């Protein structure tokens, strides 16, 4: 009995002391959290370091600010130190990324953490003594384990860029080249998915504005963010990837590679799709192999892309109809409509091209580029779509109005659309000519393929 009482007393004593210790820790952590939070907000990162470290060590689950602010504090330390001290801070930040996921797993997806660690390691690769292959493997780990959360622009570009550098440093076998092209496609598909997500959100705002609604301050901010992200991925990242890949994927390289591997992969839909897409993108569509790839893909797995390529190759209407019938995804269908419109515009079939540009706009109203293309076709037709010199030049008003639509629906094109519109208006009849004809406010019917009307400005 004495033994039992002694054990119970000791257990009670320990639990009371542990409770007091936890309360003391909680209070200490709360005080230090408040201190380092205030310092971080004032950007006094050196002053924040001490109290932050106390909270990180004693109460790692206390508050997510430990990891949000900790990243800022350690980045400051890294940027303001050198040698062994800097390396220690870099390694500490790498450890902090891991800790953030251990203690707040739901807020820190695996792919995001792995990508952050790879980005940091790449940035300080010289200081850490890391090779291209080691860093590439870190990015590849993020891609393999959690591709859905591997989504930063800089990370995706670096991942591909390292693949090219490793290829250049190696023996450059056909197998290596194929791996490089596959990696380009892998990263491109991630980017296309991200752009599609941003575009779907943008279209909601475009539809609201087109219906006469006004976007809230929050909606305007989000719209601007989505447009900015799309522009970064479309113009900077994909453009930089194409530049980096350069002549490594020209027709002289692609044709013999795909010729060699065709028999082995002729029933592999993904291989055929990627091969024909790459040959089309690199202007290799005149080579007989391109037609061979397209026909084979159309035989085993017909889709909108194969029908589109067959239309490009043959010009037969049945393939254009098939392209439209087989396309189900709204954004991909809009892209196909725009591609068809571009081809028709290039051939001078302006009426049909406008029809497809308008279909593209219905499916993807936040993409203003079809408006600019239509405006350009109007401007190019000014001399042939009016019965008098005044009416011919009036077409430029119509072109200006169409260009302005691009700027309204697509913030990425606002500046360019304004420049185009100003250029078109400068070519339209002047105020003096309007005054002399006493026709301000009149409606001019524009003939030929345009078939639209425009009102003469009153001032």
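The values are calculated or read from the model by the stated rules, or taken from the named source; none is laboratory data. This is a predicted model, so every value here is computed, not measured. Using ideal geometry, Cβ is built from the backbone for each residue, glycine included, and neighbour counts are taken over all protein chains shown.
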Residue 408 vs (1) free of Cβ contacts under 8 Å to residues at least 40 places away in the same chain; (2) closer than 19 Å to residue 425 by Cα; (3) under 28 Å from the mean Cα position of the chain (by Cα); (4) surrounded by fewer than 18 Cβ atoms within 10 Å (Cβ to Cβ): all pass except (1)
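For the condition in a helix (DSSP H, G or I), in the same structural domain as residue 39 (by TED's automatic domain parsing) and either surrounded by fewer than 20 Cβ atoms within 10 Å (Cβ to Cβ) or on the phi > 0 side of the Ramachandran plot (or both), what is the one hit in 127, 71? Even if it seems obvious, please write down each step before you answer.
Numbers: 127 fails: in the same structural domain as residue 39 (by TED's automatic domain parsing).
After ruling out the rest, the residue left standing is 71.
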From the option list 90, 135, 73, 66, single residue qualifying as under 30 Å from residue 231 (Cβ atoms) and touching a helix residue (DSSP H, G or I) at 6+ places or on another chain (Cβ under 6 Å) is 135
Those helices (runs of 4 or more DSSP H) completely within region 161-250 that have 3 or more residues that are at pLDDT 95 or above, over 23 Å from the mean Cα position of the chain (by Cα) and farther than 26 Å from residue 134 by Cβ are none
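Going residue by residue through region 415-430, is there one that turns out to be surrounded by 19 or more Cβ atoms within 10 Å (Cβ to Cβ) and more than 28 Å from residue 215 (Cβ to Cβ)?
Taking every residue of region 415-430 in turn, at least one turns out to be surrounded by 19 or more Cβ atoms within 10 Å (Cβ to Cβ) and more than 28 Å from residue 215 (Cβ to Cβ).
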Going through (1) over 30 Å from residue 225 (Cα atoms); (2) surrounded by 18 or more Cβ atoms within 10 Å (Cβ to Cβ) one by one, residue 352 fails only at (2)
Selection from region 350-375 of residues without any contact (Cβ under 8 Å) to a residue 24 or more places away in the chain and over 25 Å from residue 207 (Cβ atoms) yields 352
(Q) Taking the criterion of being surrounded by 19 or more Cβ atoms within 10 Å (Cβ to Cβ) and either part of a loop (DSSP other than H, G, I, E, B) or within 29 Å of the chain's Cα centre (by Cα) (or both), would at least one residue in region 432-447 satisfy it? (A) no
